[in-house]
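What follows is a single structure, written as structure tokens, with notes after it.
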Amino acid sequence: MIALGCDHGGYALMQDIKKLLDKKGLEYHDYGTYSEASCDYPEFAKKVAEAILSGDAERGILICGTGIGISIAANRYPGIRAALCTDCFMAEATRLHNDANILCMGGRVVGPGLAEKITETFLETPFSGDERHARRIGKIER
Ligand code: RB5
């Protein structure tokens, strides 16, 4: 299960990402927002973070205008590793090295074509499992 959340700045791009997930037959739960009306990104970061921490979802995707605010908000939850990615190298590396559990993107930063490739890369890349990366992740959590 993939938990989705966005604010008004990420709403349009999230509709493209949902079409991609539908095409790939991947199950998701959309925690909103559900329109382009102005709203507050921390609320959606919270819903997606809680879905992952409770075990309702394995991964999350969060989108705001820049991807910055929503990643800052999500990373306040211990156990959440939310990675703002603007290219496929970052998406691959953050799975391999950081075992990131939430992908963040900026709806005003990346176009739909690139965002879809970033999403595919993020969802298809496993954590490397390397001891050095696991050790470093362990040092992040308090
Ligand atoms: C909303 O205008 C915008 O501030 C928000 O989507 C995000 O970019 C914040 O980091």
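Applying the selection to the range 20-46, what residues are touching an Asp or Glu at 6+ places or on another chain (Cβ under 9 Å), closer than 19 Å to LEU114 by Cα and open to solvent by 50 Å² or more (accessible area, probe 1.4 Å)? LYS24, the sole residue that qualifies. With respect to the conditions (1) touching a strand residue (DSSP E or B) at 6+ places or on another chain (Cβ under 7 Å); (2) over 25 Å from ARG136 (Cβ atoms); (3) among the aliphatic types (A, V, I, L, M); (4) open to solvent by 10 Å² or more (accessible area, probe 1.4 Å), ALA12 falls short on a single one, namely (1).
Checked against the criteria, PHE89 does not count as among the aromatic types (Phe, Trp, Tyr) and open to solvent by less than 10 Å² (accessible area, probe 1.4 Å).
If you scan the range 22-43, which residues turn out to be under 19 Å from LEU123 (Cβ atoms) and part of a helix (DSSP H, G or I)? Once the filter is applied, which keeps residues that are under 19 Å from LEU123 (Cβ atoms) and part of a helix (DSSP H, G or I), the range 22-43 yields ASP22, LYS23, LYS24. Does TYR28 qualify as being among the aromatic types (Phe, Trp, Tyr) and under 13 Å from the mean Cα position of the chain (by Cα)? Yes; evaluated as a whole, the condition is true for this residue. If you go through the range 31-43 and pick out every residue that is more than 10 Å from the ligand (Cβ to nearest atom) and over 14 Å from the mean Cα position of the chain (by Cα), you end up with 6.
Can ASP99 be described as of a type outside the set (Val, Ile, Thr), farther than 22 Å from ASP16 by Cβ, at pLDDT 95 or above and open to solvent by less than 50 Å² (accessible area, probe 1.4 Å)? Against the criterion (of a type outside the set (Val, Ile, Thr), farther than 22 Å from ASP16 by Cβ, at pLDDT 95 or above and open to solvent by less than 50 Å² (accessible area, probe 1.4 Å)), ASP99 qualifies.
Based on this model, can you work out whether ASP16 counts as touching a helix residue (DSSP H, G or I) at 6+ places or on another chain (Cβ under 8 Å) and free of Cβ contacts under 8 Å to residues at least 60 places away in the same chain? Here the answer is no, as ASP16 does not meet what is asked. Given the structure, is GLU116 open to solvent by 60 Å² or more (accessible area, probe 1.4 Å) and among the acidic types (Asp, Glu)? Criteria not met by GLU116.
The values are calculated or read from the model by the stated rules, or taken from the named source; none is laboratory data. Just so you know, these numbers come straight off a predicted model, no measurement behind them. Neighbour counts run over all protein chains shown; Cβ positions are idealised from the backbone, glycine included. Note: accessible area is taken over every heavy atom of the protein model, side chains too, but ligands, DNA and RNA are not part of it. Shrake-Rupley method; radii C 1.70, N 1.55, O 1.52, S 1.80 Å.
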